[in-house]
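What follows is a set of notes on a single structure, which appears directly below.
The values are calculated or read from the model by the stated rules, or taken from the named source; none is laboratory data. Quantities reported herein were computed from a predicted structural model and do not represent experimental measurements. Ideal geometry is used to build each Cβ from the backbone, glycine not excepted, and the neighbour counts take in all protein chains shown. Keep in mind that these areas ignore ligands, DNA and RNA; they rest on the heavy atoms of the full protein, side chains included. Shrake-Rupley method; radii C 1.70, N 1.55, O 1.52, S 1.80 Å.
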Amino acid sequence: MNARTNQESPYQGRLLIDGQWCDAADGARLERRSPAHDQLVAVYAQAGVQDAQRAVAAARRAFDQGPWPQMKGAERARILRQVADTILARKQALARMESLENGKPLAQSLAEIEGAADLWQYAASLARTLHGDSYNTLGQATLGVVLREPIGVVGIITPWNFPFLIVSQKLPFALAAGCTCVVKPAEVTSGTTLMLGEILLEAGVPAGAVNMLVGEGSVVGEALVTHPDVDMLSFTGSTAVGKQALAQSAATLKKVALELGGKNPQIIFADCDWEAAVDAVVYGVFFNAGQCCNSGSRILVQDAIAEKFSAAVVERSRHVRVGDPFAEGTQVGAITTHKQLASILAHIEGARRDGAQLALGGARMNRPGLYIEPTVLTGVTRDMAIAKQEVFGPVLSVLRFGTLAEAIELANSTLYGLSAAVWSRDFDTCLTAARRIRAGTVWVNTFLEGHAELPFGGYRESGIGRELGRLATEDYTETKTLHMHLGARADWYLAQA
């Protein structure tokens, strides 16, 4: 398989099914062009329903008959560590492909590849520590043992905003538990996932334990969601598509884990660390061009500092460096797709119609590629769509509040609940707000930090379940109770005679 990622020679991607790289059954192919340069980056075999069925069948055989679920945890851990080491050894090529397909700055891609390798290392440690439970308190004639067994075949569907990082939040933990998998990356950013497939085979993952399909969500994704031999679905994407996947999965009653959208607030109190808070706000909304479920897309600023703080954010945002992902010093790259570009611009125009003021940006940049100016909207009120809907772009909404109670109410005023941040030098303020905000992660005097040891997921329409953390492998297991009787047992029939 061609692993070159230079612009002159497009990456040639094929499907990984049962340990073999192959073309689609109908010969279909799709092309991916760089959003920053409009150059051909990759040509992929495009999977259809028949290919999805073959991949699921391979994963099913690998689970029911193959060695992976039967391996010692230590052996699975050894292979996962080898994957992590190889990821680091190839991080330059992986990062280059990530930036070409996604449009994000190369330095950011490198950091994400390194972070993903750490997730594989962490999953390896969990492969050895996954365990059940026992009960010897049920009387002298009874011993209870609770086993944790791999759930089976897992369908993994990942988005285009963090292709390599998000597959690494799912796949290594499913493998650590002993599951087999079928992975469908977003069709516009499939390159690094297929390069990971090469690494997995080299590390010794058995044929069929991991299968990879490039294809459209409405075709391949739906096939995984509805297939009766897929025991669990792990999906990251928009809330709308997540709801659809959940509804479609109902016919097979498979387990579903969803990591969905967010409209995440940063609450800025008057006694905040000013410089740190301004920097975190600018970073939080423009990181990854705002194409981030955790994006700090709305800030709630206390009245006493609202004007001055908003002006400081606008001024700092003017100096954010937007440009070619491969240019030194670039902080914000291109928007990943034409569709997303149009969606962001529509959100901005809608906010202006609703009465929000455009303090900065608001337009597509006059340069080749899919670029939008860093945008700040002030005068936003809670009833506006821009205050409630996920934009998924470099657009910041500024709202105001007076009291702690009002800030908490505003923070909880959307249907989402993925993350939030609180900025104050007062510990009581921070802890009170953090405990009352309905979100899966609340940062205190920081933003967008993450560690493999800490669970990640959301409340309400931000998803179902958690990824990462010490219990991450347990999400990919079933529990089985062994109720064992010791010694003689009374005969029920004779006892009734």
>> Relative contact order of the chain, please, whole-number percent, based on alpha carbon pairs below 8 angstrom and at least 6 residues apart.
In response: 17
> So what's the gap between the Cα centers of the range 222-242 and the range 295-325, to the nearest angstrom?
Replying inline: 37
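Using a 1.4 angstrom probe with every protein chain in place, what is the largest-first accessible-area order of Asp229, Asp279?
On the way: Asp229 60, Asp279 85 Å².
The most accessible residue leads, giving Asp279, Asp229.
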> So how much accessible area does His451 have, in Å² to the nearest 10, using a 1.4 Å probe?
Replying inline: 100
>> Using protein chains only and a probe of 1.4 angstrom, how many square angstrom of Lys254 are accessible, to the nearest 10?
In response: 20
> With every protein chain kept in the model, how would you rank Tyr135, Tyr476 by accessible area, 1.4 Å probe, largest at the top?
Replying inline: Tyr135, Tyr476
> Which value in nm describes the separation of the simple spin-label points at Tyr283 and Glu478, placed 7 Å from the Cα toward the beta carbon?
Replying inline: 4.5
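In what order, largest first, do Phe164, Phe287 sit by accessible area if the probe radius is 1.4 Å?
Working: Phe164 0, Phe287 45 Å².
The most accessible residue leads, giving Phe287, Phe164.
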>> Please compute the length gained on full extension between Asp303 and Ala342, using 0.36 nm multiplied by the number of residues separating them and subtracting their Cα-Cα distance.
In response: 10.7 nm
> With contacts defined as alpha carbon pairs under 8 Å and 6 or more residues apart, what's the relative contact order of the range 1-114 in percent?
Replying inline: 23
> Between His227, Ala276, Ile299, whose Cα lies farthest towards the positive end of the dipole of the range 166-324 when Lys and Arg beta carbons carry +1 and Asp and Glu beta carbons carry -1, centred on the Cα centre?
Replying inline: His227
> Residues with beta-carbon under 12 Å from that of Glu101, excluding Glu101: net charge, scoring Lys, Arg +1 and Asp, Glu -1?
Replying inline: +1
> Residues with amide H under 5 Å of Gly13's amide H, sequence separation 5 or more or different chain, H placed in the peptide plane at 1.01 Å from N; which?
Replying inline: Val43, Tyr44, Ala45
> Taking Lys480 as the anchor, which lysines have their alpha carbon closer than 21 Å to its alpha carbon, excluding any fewer than eight residues away along the same chain?
Replying inline: Lys72, Lys254, Lys255
>> Let me make sure I get this right: for the chain, a, b and c are the square roots of the gyration tensor eigenvalues over alpha carbons, sorted descending. Under 1.5 in a/c it's rounded, otherwise prolate if a/b > b/c, else oblate. Which is it?
In response: oblate
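Once fully extended, how much extra length lies between Asp64 and Asp23, figured as 0.36 nm per residue of separation less the alpha-carbon to alpha-carbon distance? Show your work: numbers first, answer last.
Numbers: separation 41, 0.36 × 41 = 14.76 nm, distance 2.56 nm.
Result: 12.2 nm gained on full extension.
Taking the Cα centre of the chain as origin, work out the dipole magnitude from +1 charges on Lys and Arg Cβ and -1 charges on Asp and Glu Cβ, in debye rounded to 20.
Roughly 300 debye, rounded to the nearest 20.
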> For the range 273-332, what's the relative contact order in percent, using C-alpha pairs closer than 8 Å and at least 6 residues apart?
Replying inline: 33
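Mind checking the dipole of the range 1-116: about its Cα centre, +1 per Lys or Arg Cβ, -1 per Asp or Glu Cβ, Debye to the nearest 20? Numbers along the way, then the final one.
On the way: 16 positive and 14 negative charges, 71 e Å.
Dipole size: approximately 340 debye.
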> Just the accessible area for Val41, please: 1.4 Å probe, Å², rounded to the nearest 10?
Replying inline: 10
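222 nm [θ] for the chain, helices only, -39500 (n - 2.57) per DSSP H run of 4+, per residue, to 500?
Values: 15 runs with 176 residues, N = 497.
Result for the chain, helices only: -11000 deg cm²/dmol.
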